[in-house]
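Working notes, structure below.
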Amino acid sequence: MRMITTSHVTSALLAIALSLPVAAWAQTITVAATTQAAGSQRENVEQRIADMHATLQITAAQETQFNEFAQVMLDNAQAMQALLGKTTGSATTQSAVEILQGYLAVAQRHAQDVQKLSAAFGTLYASLTPEQQKAADEMFRSSTLRREQKQGG
């Protein structure tokens with residue numbers, strides 16, 4: 001298994017940031033709390049990538065596709081973290097219009113990132129064996145079901 005790099009952490013941060021409710025994004029948090037949360041998010045992303053690698057039982061022949069997918073995750077997380085960092089702490093002074101524009105920027109970034117992630121995962125998925133594809137399907141279904149339950153859906 002390859003080492004997880006800082007760029008992998010970044011994509012993972014994006015994935016985590018994208019799962020946060022919009023209301024939580026708009027809350028003001030201190031710089032110290034932001035720094036601590038970013039460190040925790042990096043760890044979560046690294047763990048998610050490692051868990052995916054293990055669950056899918058990635059072979060040496062599949063490493064390139066997996067690493068490309070993981071890199072997209074990390075890049076996406078880094079981009080989202082940067083976008084969220086621009087607005088952290090400013091919600092108390094922003095107008096309603098500015099807050100909505102911030103939501104729009106996050107939604108647009110999310111759409112772009114999911115598109116890139118989907119393409120990268122499609123390439124990885126095509127390289128998986130039927131058993132690995134079944135594991136991937138279950139992993140994504142479980143994740144979707146957990147998110148729906150948290151959102152009351």
Cβ-based exposure ranking for Ile49, Ile58, in which fewest neighbours within 10 Å come first: Ile58, Ile49
Kirkwood Rh in Å, taken over all unlike Cα pairs in region 36-153: 16.2 Å
Lysines whose Cα lies under 21 Å from that of Lys134, excluding same-chain neighbours fewer than 8 positions away: none
Ascending count of other beta-carbon atoms within 10 Å, so fewest first, for Met80, Met73, Met52: Met52, Met80, Met73
Cβ-Cβ FRET estimate between Thr129 and Lys86, R0 fixed at 30 Å, reported to 0.05: 0.10
Extension gain from Gln151 to Leu100, taking 0.36 nm per residue of separation minus the Cα-Cα distance: 16.3 nm
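Since every read-out is calculated from the coordinates, none of them should be taken as a lab result. Because the structure is predicted, anything quoted here is derived from the model rather than measured. In this analysis, Cβ positions are derived from the backbone assuming ideal geometry, glycine residues included, and neighbour counts consider all displayed protein chains.
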